[in-house]
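Here is the structure we will look at.
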Amino acid sequence: FAVLAAARAAAAGASAKEAAAVAVDVAGRARLVGLLETLSYVEHSGRLKAAGAQAADRLHLRPLIAIEGGRVRFLRMERTRRRARQRLLELIEREARGRPLHAAVIHAGVPEEAADLAAALAERLDCVELLTSAFTPVLGGHTGPGFLGIAFYPEDETVGSSRSTGNGSEEP
């Protein structure tokens, strides 16, 4: 998102220094929220104790996580994947606070689910930019198959935007 915002700023006539400032601003506001199918991959990466991962997996809990400023934090657990997807939408809606949204639905091996989530996101919110992308194998190694997330940032009220909707599999 930072690179795309900087490119749009440069195309609109911003200097290199101004475009870089736009990139830094967007990078600081961008977040990722997502749901994991299992905690076992997080456990294997050393970020969670085995007992916690095994208990959550036995209870079939779907963990919701957020990544902000390079830090991962657990938001909550949901009993069903459907409820977890619904909660993701609610979290994004709350963060957007009625502002236009730049978003990318990211997945690890669940393209149909990602398409459904992107459609629901577009229906509920004013998406000025909506991309879909498969998670890279390196990142997917930490989340495992079935990861479904939304990377996003809301428009800053003081800054205008150029609308661009991406379809298909574009990289955020």
- Using 0.36 nm per residue of separation minus the Cα-Cα distance, give me the extension gain between Ala12 and Arg99 in nm, one decimal. 29.2 nm
- Taking Arg83, Arg73, Arg8 and ranking on accessible area (1.4 Å, protein atoms only), highest first, one gets Arg73, Arg83, Arg8
- Message: So, taking all protein chains as they sit and a 1.4 Å probe, how much accessible area belongs to Ser15, in Å² rounded to tens?
- Response: 50
- For Glu68 paired with Val3, estimate the spin-label separation in nm (one decimal), with each label point 7 Å from Cα along the Cα-to-Cβ line. 2.6
- What accessible surface, in Å², does a 1.4 Å probe find on Val3, ignoring ligands, DNA and RNA and rounding to the nearest 10? 120
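The values are calculated or read from the model by the stated rules, or taken from the named source; none is laboratory data. If you're wondering where the values come from, they're calculated on a predicted model, not measured in any experiment. Using ideal geometry, Cβ is built from the backbone for each residue, glycine included, and neighbour counts are taken over all protein chains shown. All accessible areas refer to the heavy atoms of the entire protein, side chains included, with ligands and DNA or RNA removed. Shrake-Rupley method; radii C 1.70, N 1.55, O 1.52, S 1.80 Å.
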